[in-house]
Structure formats: C-alpha cells, structure tokens
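Take a look at the structure set out below.
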Amino acid sequence: SAPRAPAVLKKRLVKLVVNFLFYFRTDEAEPIGALLLEHCKITKEEENVFSISFIEEPERKYCFECATEEQCQEWVEALKRASYEFLRRSLIFYRNEIQKMTGKDPLEQYGISEEARFQLGAHRQ
C-alpha cells in the first residue's frame, strides 16, 4: 500500500450544537460540513491534538489541533458529553413515550435497576 501523504493542516472554526460538530472556513458564515457525534470515539492524540473516529468506518478519522492543551482537553470533554447527553435525552424521551402508550415503564420491564432508572430520571447539573 502506498504511504499516505501527510494531511495538510487547515484552519477551521468549529462549533458544537447539541451533537453536531459544524466546521467553517474562517471567512465564510455557512458551515462547510458537520460531523454527527454518534458511534464515534473521541481520543486525545497529543497534548493539543484530538481526533474523532467512527466505529462503523474506522478509516474515517478527523484530527483537530487546538491552540493549547487546556483547550484540547475542554473540547474532548465537551464532545464526549455531547454524544452522551444526546443519547440520554433520547432515551428519556422514548421511555416517556412508551410509558404513555403502554402504561408500563420499559426500563422496569427489561429489569433495569431502580438505581439506574433514578439516574436516568435525575437531571444532572
């Protein structure tokens, strides 16, 4: 296999909205693309570099270089939280919908512990 050419570093503005990561050219208002943060792995690669890779397509990997290590750490945490929060919220939404339709708590039916149900119901600050 031919060696891959080193990736060219491009300057992008990045904006996180719920669980979409939009990226922009620095001179344009419209995003040029977006990554849906689902089934993805967020990894801190070097002190100020993190990557987003997708479980279904491991060859699809995006690297981001931040100005500082602190900034990198903040992004990693925010991105991990984004995908987790979104899953949590949709689980709560579907749980409530199923409960309305069937009158039963689906989590209880699947033998999910009282403690886990409490954690799902509790609003984390």
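Points worth noting:
- Any hit, region 100-109, residues being not small (Gly, Ala, Ser) and not in a helix (DSSP H, G or I): yes
- Pairs, first more than 17 Å from CYS63 (Cβ to Cβ) and open to solvent by less than 20 Å² (accessible area, probe 1.4 Å) in region 73-94, second among the aliphatic types (A, V, I, L, M) and modelled with pLDDT under 80, C-beta under 6 Å, six or more apart: none
- Any hit, region 30-38, residues being modelled with pLDDT under 85 and open to solvent by less than 70 Å² (accessible area, probe 1.4 Å): yes
- Filtering PHE50, PHE22 for residues that are free of Cβ contacts under 8 Å to residues at least 40 places away in the same chain, closer than 26 Å to SER90 by Cβ, surrounded by 13 or more Cβ atoms within 10 Å (Cβ to Cβ) and touching a helix residue (DSSP H, G or I) at 6+ places or on another chain (Cβ under 6 Å) leaves a single hit, PHE50.
The values are calculated or read from the model by the stated rules, or taken from the named source; none is laboratory data. These numbers come from a predicted model, not from an experiment. We place every Cβ from the backbone using ideal geometry, glycine too, and count neighbours over all the protein chains shown. Each accessible area value is taken on the protein alone, full model and side chains, heavy atoms only, with ligands, DNA and RNA left out. Shrake-Rupley method; radii C 1.70, N 1.55, O 1.52, S 1.80 Å.
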